[in-house]
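Just below is one structure, and these are the notes that go with it.
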Amino acid sequence: MTPTSRARLMLEATGDAGETDLSAWPVGRREEALLQRYCAQSWAREAVVDCPACAATLEITFDPTSLPAGLTAATINVEVDDYVVTARAPTVGDLAALPTGAEAEVLGRLLLEQCVVTASYRGDRVTTSDLPGHVVTAIEDAMDDADPAADIRVPLTCHECRATWSEPLDPVVFAWSAVETAARRLATDVHVLAHAYGWAEQEILELSPFRRHLYLSAVGP
Ligand SMILES: [Zn+2]
C-alpha cells in the first residue's frame, strides 16, 4: 500500500473520513487527524534519530502540543516581480493523484500545476511551467505557511554535541506503526486467552477491550 492509501484506510476505520470526502481535505488536516487518533499515547510518539553532526543516537518522544496548527488560509495569493499567482493548499486528493516512484522534483512540479489556480505576468495569463524559479519558491513557501501541519518538522538538539537541526515528522508512518504494534499486542492477547480458556480467535476478538483485559489479568502474572 502507498502512504496515501494507508492514511485513507486508517481514517476510514475511525470514521473521520465518513462525513466529508477525504480527497478534499487539506493535507495538514489529515496529518493532525492521524496523530490525534493513532498517536495519543506516548509510546506511539517515540522515535530514534541519529545526530547528523556526531552520529549519536537520540531517543525522542515528540510533543503533540508543539506541532503546528492546521490550515490558516484556504486561498494563497503571491505577487512577485509583476507575477500574480492565486493558488490553494494541496489536498489529500492532490497527493493521491501523484504518480508513485517519481523523483521529488517531478512531484513538486506536478503538485504545483494542480494547486495553482491562476497565474499572470503583467496581466497576461501564463502557465505554471512559464513561472521563473524564484516565483515558484515564493508560491511553495506560501503554501507551506498556509497549511503548516502538512509538513511537520521537529526541532532537535543533540545531547552529546549540542548540534541543532529539524527532522521531518511523517504522521502516516507513526500512525501505521502504532496500528502494527496494536495488532501484535492483540495477537498476543488472543494467544494467551485461547490457551487459557480454549476460546476461538473470533470469540476473543468480539470481547470488548475492557472484558478482554479483565480475563487477561485473571490469567496473567
Ligand atoms: Zn551530536
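The values are calculated or read from the model by the stated rules, or taken from the named source; none is laboratory data. Keep in mind that what you see is a predicted model, and the values were worked out from it rather than measured. Using ideal geometry, Cβ is built from the backbone for each residue, glycine included, and neighbour counts are taken over all protein chains shown.
All but one of (1) within 16 Å of the ligand (Cβ to nearest atom); (2) on the phi < 0 side of the Ramachandran plot; (3) in a loop (DSSP other than H, G, I, E, B); (4) without any contact (Cβ under 8 Å) to a residue 60 or more places away in the chain hold for P155, so report the exception by its number.
Unmet for P155, out of (1) within 16 Å of the ligand (Cβ to nearest atom); (2) on the phi < 0 side of the Ramachandran plot; (3) in a loop (DSSP other than H, G, I, E, B); (4) without any contact (Cβ under 8 Å) to a residue 60 or more places away in the chain: (3).
Conditions (1) closer than 23 Å to L11 by Cα; (2) loosely packed, with under 12 Cβ neighbours inside 10 Å, marked per residue:
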| site | (1), (2) |
| --- | --- |
| A104 | no, yes |
| L131 | no, no |
| A142 | no, no |
| S166 | no, yes |
| A175 | yes, no |
| L186 | yes, no |
| I204 | no, no |
| H213 | no, no |
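Regarding A96, is this residue surrounded by fewer than 17 Cβ atoms within 10 Å (Cβ to Cβ), hydrophobic (A, V, I, L, M, F, W, C), at pLDDT below 90 and within 18 Å of the chain's Cα centre (by Cα)?
Yes; evaluated as a whole, the condition is true for this residue.
Given the conditions (1) away from the ligand (no atom under 16 Å from the Cβ); (2) in contact with a Leu (Cβ under 6 Å, 6 or more places away or on another chain), which single one is not true for V49?
Evaluating V49 over (1) away from the ligand (no atom under 16 Å from the Cβ); (2) in contact with a Leu (Cβ under 6 Å, 6 or more places away or on another chain) leaves (1) as the failure.
Here is a list: A194, A182. Which entry is under 24 Å from A7 (Cα atoms) and part of a helix (DSSP H, G or I)?
A182
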